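Just below is one structure, and these are the notes that go with it.
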Amino acid sequence: MGGLTDVGFGLNPVTDPIRNSPYVQQWMLGAQYSFTNNDLLDISYVGNHGVHVLAQYLEWNEFPASDLSLGNALNAQVPNPFYGAITSSGCGLNNPTVQAGQLLRPFPEYCSVTEAAPAVAGSTYNALQATYTHRWHSGLQLNVSYTYSKFLDDAQGASGWAFPGSGSSVRNSYDLSAERSVDASDLTHSLVINYTYELPFGKGKQFGAEWSKPMNAAFGGWQWSGILTAHSGLPISINPAQNNTGGFGFNQRPNIVPGVSPVPQNQNINDWINPAAFSQPDPFTFGDAPRFLSNLRAPKYVNWDMGIQKYWNFSENKRLQFRMELYNAFNHPNFFVPDSNLGDANFGTITGAYPARSIQFAGKFYF
């Protein structure tokens, strides 16, 4: 078919013959201080700059954004110059008339011309990282890590479909800089604590050194381990009630209402987003809400996984392990992001949560 391939339909996906290779520039500066032979504090600044980062897609069949000022005239039916030449179409290019806006597009014979995963975006990440490490000593091993960071970019990448809201869409493919916001995975505060502690009971321990063999076998030599994870909520992206740009490859986000906080006064899972903070943009405009809002976030996440284990040694190369693991040990509720579609009846309502507590037991024989 040559040059007639997909005429009357979408040319998807296309690939730029001169494609840049994504890369990341990284830098860091840090200092360490050892309080004792077993205790170390590490404080670092970490930064990186992503160049030619992948976007999810770009639409190259958009007419100049200035033509949106034509308004409803873009939707007017005009004689179709392709009528008779195109016999089948996904967007009406086989009809006697066609939308006027279609003929303003750089490739009017196609419904769309979409480039998948173009290497056109950029990102920046800056973080303060602090880590305290207590090496194994006196039955305890401990690692505490805290990060204060900010992650900015102007495209969501190939995984954008996985995030709710309008963050994966691009309003105007010719102005990617207008898409710059915090990334969908931006976490302002993140704390992770992991540890392993030998309980001080049994032979050779602080308590129970004189226990009998049966007593020691039952109550001595237990270990307690765990991972505590706590971090800020993920930023939220808001979808408009409808995309009234007229189509033609453009997308839209809501307008921000000046002076109105997007966080309700008594925020709860049934009222997580203040709808009065957003409004539907006028037709043929883009809206001014960012891809993701740094001042409107999903609920914070706090989770504590624990494990209890014990070994019984029968000989030099034979031993039995018993292990009990508790995921979300305290059954703390951690909620998903709320409905962020402005036109939904459930807008701002959270209806999902991460799994509740679960417990599993395991035994393993080493030989």
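The values are calculated or read from the model by the stated rules, or taken from the named source; none is laboratory data. Treat the numbers as computed from the prediction; the structure is a model and nothing was measured. Cβ placement follows ideal geometry from the backbone for every residue including glycine, while neighbour counts extend to all protein chains displayed.
Taking region 39-79 as the range and being within 30 Å of Leu142 (Cα to Cα) and among the aliphatic types (A, V, I, L, M) as the test, the residues that pass are Leu40, Leu41, Ile43, Val46.
Considering only residues of region 279-337 that are in contact with a His (Cβ under 9 Å, 6 or more places away or on another chain) and of a type in the set (A, V, I, L, M, F, W, C), which is nearest to Phe151 (Cα to Cα)?
Taking the candidates together, the pick is Val302.
Residues in region 250-270 that are in contact with a Gly (Cβ under 6 Å, 6 or more places away or on another chain) and either in a strand (DSSP E or B) or farther than 16 Å from Leu342 by Cα (or both): 1 in all. Apart from one condition, Val78 fits all of (1) more than 36 Å from the chain's Cα centre (by Cα); (2) not in a strand (DSSP E or B); the exception is (2).
When Phe322, Phe330, Phe347 are checked against the criterion of being in contact (Cβ under 8 Å) with a residue 24 or more places away in the chain, in a loop (DSSP other than H, G, I, E, B) and surrounded by 12 or more Cβ atoms within 10 Å (Cβ to Cβ), Phe347 stands alone in meeting it. Scanning region 7-56 for residues that are part of a strand (DSSP E or B), over 30 Å from Leu93 (Cα atoms) and of a type in the set (Val, Ile, Thr) turns up Val24, Ile43, Val46, Val51, Val53.
Give the residue that is surrounded by the most Cβ atoms within 10 Å (Cβ to Cβ), with candidates limited to residues of region 64-86 that are among the polar types (S, T, N, Q) and free of Cβ contacts under 8 Å to residues at least 60 places away in the same chain.
If we filter region 64-86 for residues that are among the polar types (S, T, N, Q), which is where we start, we get 66, 69, 72, 75, 77, 80.
Add one more test, that the residue is free of Cβ contacts under 8 Å to residues at least 60 places away in the same chain, and what stays is 66, 77, 80.
Working: Ser66: 7, Gln77: 12, Asn80: 21.
Looking at the filtered set, the residue picked out is Asn80.
Within the set Gln77, Gln156, Gln141, the sole residue that is touching a His at 6+ places or on another chain (Cβ under 8 Å) and more than 17 Å from Gly10 (Cβ to Cβ) turns out to be Gln141.
For region 299-319, a residue qualifies if it is surrounded by 14 or more Cβ atoms within 10 Å (Cβ to Cβ), polar (S, T, N, Q) and over 13 Å from Arg357 (Cα atoms), and exactly one does: Gln309. Evaluated against (1) at pLDDT below 95; (2) within 17 Å of the chain's Cα centre (by Cα); (3) among the polar types (S, T, N, Q); (4) in a strand (DSSP E or B), Ser166 falls short on exactly one condition, (4). Every condition in (1) among the aliphatic types (A, V, I, L, M); (2) under 30 Å from Asp183 (Cβ atoms); (3) surrounded by fewer than 17 Cβ atoms within 10 Å (Cβ to Cβ); (4) modelled with pLDDT of 95 or more holds for Ala158 except the one numbered (4). The sole residue among Arg291, Arg357 that is surrounded by 17 or more Cβ atoms within 10 Å (Cβ to Cβ) and either farther than 18 Å from Pro240 by Cα or within 23 Å of the chain's Cα centre (by Cα) (or both) is Arg291. Taken together, Gly221, Gly226 contain a single residue that is surrounded by 18 or more Cβ atoms within 10 Å (Cβ to Cβ) and over 19 Å from Gly287 (Cα atoms), which is Gly221. Within region 247-261, residues that are surrounded by fewer than 20 Cβ atoms within 10 Å (Cβ to Cβ) have Cβ atoms under 6 Å from residues that are of a type in the set (A, V, I, L, M) in these pairs: Ile256/Ala289; Val257/Ala277; Val260/Ala276; Val260/Ala277, counting only partners at least 6 apart in sequence or on another chain. Selection of region 192-211 for residues being hydrophobic (A, V, I, L, M, F, W, C) and touching a residue at least 24 places away in the same chain (Cβ under 8 Å) yields Val192, Ile193, Leu199.
Quick check, is Thr285 among the polar types (S, T, N, Q), within 27 Å of Asp153 (Cα to Cα), under 30 Å from the mean Cα position of the chain (by Cα) and assigned to a loop (DSSP other than H, G, I, E, B)? Show your work before the answer.
Working: among the polar types (S, T, N, Q): yes; within 27 Å of Asp153 (Cα to Cα): yes; under 30 Å from the mean Cα position of the chain (by Cα): yes; assigned to a loop (DSSP other than H, G, I, E, B): yes.
For Thr285, the condition - among the polar types (S, T, N, Q), within 27 Å of Asp153 (Cα to Cα), under 30 Å from the mean Cα position of the chain (by Cα) and assigned to a loop (DSSP other than H, G, I, E, B) - is met.
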